[in-house]
1. Test Val163 against the stated conditions and say whether it is at pLDDT 75 or above, touching a strand residue (DSSP E or B) at 6+ places or on another chain (Cβ under 8 Å), not hydroxyl-bearing (Ser, Thr, Tyr) and not in a helix (DSSP H, G or I).
2. On the basis of being out of contact with any Phe, Trp or Tyr (no Cβ under 6 Å at 6 or more places or on another chain) and either closer than 13 Å to Gly112 by Cβ or exposed (fewer than 13 other Cβ atoms within 10 Å of the Cβ) (or both), does Phe44 make the cut?
3. Can you give me the number of residues within the range 238-259 that are at pLDDT 85 or above and either of a type outside the set (A, V, I, L, M) or not assigned by TED's automatic domain parsing to the domain that holds Thr170 (or both)?
4. Could you grab the pairs with beta carbons closer than 8 Å, sequence gap of 6+ or different chains, first residue in the range 87-105 and of a type in the set (D, E, K, R), second one surrounded by fewer than 16 Cβ atoms within 10 Å (Cβ to Cβ)?
5. Of Ile124, Ile141, Ile98, Ile116, which residue is more than 20 Å from the chain's Cα centre (by Cα), closer than 18 Å to Leu159 by Cβ and either among the hydrophobic types (A, V, I, L, M, F, W, C) or surrounded by 14 or more Cβ atoms within 10 Å (Cβ to Cβ) (or both)?
6. So, in the range 40-78, of the ones that are among the basic types (Lys, Arg) and within 25 Å of Ala109 (Cα to Cα), which residue ends up nearest to the chain's Cα centre (by Cα)?
7. How many residues are among the small types (Gly, Ala, Ser) and within 15 Å of Arg285 (Cα to Cα) when one looks only at the range 254-272?
Amino acid sequence: MRSDFERQWIALSVVAEVVEHFDTHATLGPLIHVDPHFGRVTFFRIPGRMILHVVGDDRAADECRHLLSDRGLRGWRLHPVPDGETPLVSVCEDIHRITGGDRVYNVLADAGFATIEELAATPIQALRELPNRGPDTTAHIEDILIWWHANFALTQGFLPAPVKAALAETAASLEGCGLLAVCGFPVSGKSTAAKYIADIAGATVLTQAGFAPELERVALAALGGAAGDRDSDLYRRVVAPALYEGLVRTGLRIAPKHPVVLDASFLPVIRHVTTKHLALADYLRGMADVPAATPVVTVWMDSSPSDIRTRMTKRGTERDVSRLAGWDYFRTTMFSDHDRVIACAASDFIIIN
């Protein structure tokens with residue numbers, strides 16, 4: 001049996017070989033490494049980025065992931081995977097039903113996919129390079145992921161491939177510095193999108209909920225509000241504006257030296273910005289003295305009220321239960337069509353999720 005040191009050394013050798021391959025060849029993979037004494041690992045490249053997607057469920061794959069996530073190698077980093085570990089074999093019958101046979105499942109298993117989350121994280125361009133695939137394989141895989149998203153992933157932080165591609169485009173603005181604000185209605189996928197962008201750009205995420213929770217609690221209590229009630233009119237009118245200003249100013253202080261992603265609805269700010277006829281990014285930039293070369297970019301995660309209601313129902317947290325119980329009020333106050341229009345007009349990117 002190999003020692004931990006030996007396995008780490010082998011992982012370093014394997015990843016170095018893979019990096020050399022992707023440095024010198026214009027390919028997205030898969031690059032499959034099989035060693036009877038180490039294990040099996042499959043690598044894909046994220047298009048246009050020095051980022052590797054590692055596929056496999058044994059210790060060999062874990063060693064390679066750890067190496068890339070810990071310190072990277074020659075500028076290469078690890079691609080994030082959605083939360084959850086759903087074995088591919090556990091949905092074998094569903095894949096058979098969706099695709100009409102065993103071929104697609106066998107192609108995925110032969111390529112080393114162990115979980116459907118690994119498949120969901122793989123760029124569709126790379127899936128077109130799978131060995132032994134048939135002419136309809138890519139379309140069948142897209143059908144599998146649509147089914148997965150509709151039935152499971154809405155509550156597990158899953159992002160469809162087109163959304164990930166659009167987010168990667170926004171992340172390109174954070175080349176070593178800058179601020180990117182991810183905005184949207186509740187349960188529109190803001191936090192998942194913010195984490196995805198941050199993983200790609202090596203950015204720090206600041207959230208509305210985590211910025212000053214004790215100050216928020218004390219302020220609400222002093223004003224006679226319920227702790228944690230961010231849906232109330234009191235919170236939106238009195239508490240939220242000050243918290244947003246602090247969140248944005250903190251992010252802008254960091255942004256000239258290090259990339260920052262802000263995760264918050266930004267609805268109170270957007271409503272205020274429109275009265276001044278400014279783009280949201282320009283308004284945020286004006287909240288602090290930021291060097292002109294520092295990028296400030298805004299993204300609106302656009303989800304329909306029906307999709308949000310479905311996600312809340314499946315997620316089923318205590319807060320979601322209360323929102324669903326008073327859905328008509330919540331829908332009217334939080335999902336105004338007018339707010340959606342002005343948010344889209346004020347933001348740099350609109351991404352439908």
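The values are calculated or read from the model by the stated rules, or taken from the named source; none is laboratory data. Note that this is a predicted model, so its numbers are computed, not measured. When we count neighbours, we look across all protein chains shown, and the Cβ atoms used for this are built from the backbone with ideal geometry, even at glycine.
1. no
2. Spelling it out, Phe44 is indeed out of contact with any Phe, Trp or Tyr (no Cβ under 6 Å at 6 or more places or on another chain) and either closer than 13 Å to Gly112 by Cβ or exposed (fewer than 13 other Cβ atoms within 10 Å of the Cβ) (or both).
3. Result for the range 238-259: 11.
4. Qualifying pairs under 8 Å: Asp102/His96; Arg103/Gly134.
5. Ile141
6. Ranking the candidates gives Arg77 first.
7. Total satisfying the criteria: 1.
The rows are residues; the columns are (1) of a type outside the set (Val, Ile, Thr); (2) more than 18 Å from Ala11 (Cβ to Cβ); (3) outside the structural domain of Ile32 (by TED's automatic domain parsing).
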{"site": "Gly56", "(1), (2), (3)": "yes, no, no"}
{"site": "Arg103", "(1), (2), (3)": "yes, yes, yes"}
{"site": "Thr122", "(1), (2), (3)": "no, yes, yes"}
{"site": "Asp136", "(1), (2), (3)": "yes, yes, yes"}
